[in-house]
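Single-structure report; data block below.
Readers should treat all values here as calculations from the given coordinates under stated rules, not as data from a laboratory. None of these values were measured; they are calculated from a predicted model. All Cβ positions, even for glycine, are placed from backbone atoms using ideal geometry, and neighbour counts span all protein chains on display.
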Amino acid sequence: MKAFYTIGLLIISNIFMTFAWYGHLKLKQEFSWFASLPLIGVIAFSWAIAFFEYSCQIPANRIGFVDNGGPFTLMQLKVIQEVITLIIFTVFTTVFFKGEALHWNHFVAFIFLILAVYFVFK
């Protein structure tokens, strides 16, 4: 069950992270009041969202780490997190930014990431 909790928390964490890092770009397009915020306001907004990212990321790593009784090594945790990040980012980008498109090289990169997961668990 710790593996499922870890992966679930990593997914939630990455949703918050992606919105904190890139959501302001979409909000700037959608809301004039947000577009007029100074950079420090956008940074504060992103940090407020990042709080929730950290609130999921830290427990995920604690629960999942082998030295804490979890099933994953640090290297495995990091590779899992990176794959989740790219999946969440890809969905976010294609849903919220219609001008962005997936190309063949993106699919090749995803294949290599899947191979990375395979090899890190060997």
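The local environment of Ser36, defined by Cβ-Cβ distances under 15 Å, has a net charge of 0 under the rule Lys, Arg +1 and Asp, Glu -1. Charges at C-beta only: +1 for Lys and Arg, -1 for Asp and Glu. How large is the resulting dipole of the chain about its Cα centre, in Debye rounded to 20? Using only the charged Cβ atoms, the result is roughly 100 debye. Each helix, a run of at least 4 DSSP H residues, gives -39500 (n - 2.57); summed and divided by the residues of the chain, these come to -28000 deg cm²/dmol at 222 nm. What do you get for the angle between helix 104-120 and the principal long axis of the chain? Use alpha-carbon atoms, 0 to 90 degrees, nearest ten. Result, in degrees: 30.
Pairwise inverse Cα distances across segment 17-64, averaged and inverted, put the Kirkwood hydrodynamic radius at 11.6 Å.
Sites listed here are trypsin sites (Lys or Arg not before Pro) in segment 46-103 whose DSSP assignment is loop and whose Cβ has at most 13 other Cβ atoms within 10 Å: Lys98. Calculated on the Cα set of the chain, radius of gyration then Dmax: 16.5, 51 Å.
In summary, segment 52-122 shows an alpha-carbon radius of gyration equal to 1.31 times the 2.2 N^0.38 Å reference for compact globular proteins. Mean silhouette area of segment 1-41, derived from the convex hull of its C-alpha atoms and averaged over all directions, reads 3.4 nm².
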